[in-house]
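**Student:** To start, I am sharing the structure in question, which I have written as structure tokens.
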Amino acid sequence: KEKAAGAISNLAANNDNIVAIAEAGAIPPLVNLLTSGTADAKENAAGALWNLAANNDKNKVTIAEAGAILPLVNLVTSGTAIEKIRAAAALLNLAYNNYENQVAIAE
């Protein structure tokens with residue numbers, strides 16, 4: 001799972017892949033890994049969500065609706081150094097130009 005999340009993270013770094021990855025249903029399993037995976041899986045899942053939220057308003061909504069905000073906030077406060085960085089970056093992308101996500105993150 002952690003290697004799959006890492007591969008998705010790498011693929012999602014290319015804007016051409018972002019929509020296809022989301023349409024393939026990858027977001028809910030990535031969100032699940034934020035709380036149930038190994039440290040490496042959490043790092044990779046946060047990185048994938050970071051990339052999937054970049055410049056894609058639909059994915060921002062889908063990621064938030066899948067329940068990613070609270071686990072990402074938890075990683076920022078109590079994760080490994082890499083988990084903190086990737087979770088913070090994912091939250092930054094989720095919040096950018098999305099008021100609903102900004103409110104959810106602040107709560």
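What follows is calculated from the coordinates using simple rules that are stated; it is not laboratory data. This structure is a prediction, so every number in the text was calculated from the model and none was measured. Neighbour counts run over all protein chains shown; Cβ positions are idealised from the backbone, glycine included.
**Student:** For region 1-79, please list each of the helices (runs of 4 or more DSSP H) lying entirely inside it that holds at least 2 residues being surrounded by fewer than 20 Cβ atoms within 10 Å (Cβ to Cβ) and among the small types (Gly, Ala, Ser). Talk me through it step by step, then tell me what you get.
**Tutor:** Numbers: elements: 2-12, 15-23, 27-36, 39-53, 57-65, 69-78.
Correct list: 2-12, 15-23.
**Student:** Additional query: Quick one: how many residues across region 76-91 are more than 15 Å from residue 35 (Cβ to Cβ) and either small (Gly, Ala, Ser) or within 11 Å of the chain's Cα centre (by Cα) (or both)?
**Tutor:** Taking region 76-91 and keeping what is more than 15 Å from residue 35 (Cβ to Cβ), we get 81-82, 84-85, 88-89, 91.
Subset that is either small (Gly, Ala, Ser) or within 11 Å of the chain's Cα centre (by Cα) (or both): 81, 88-89, 91.
The total comes to 4.
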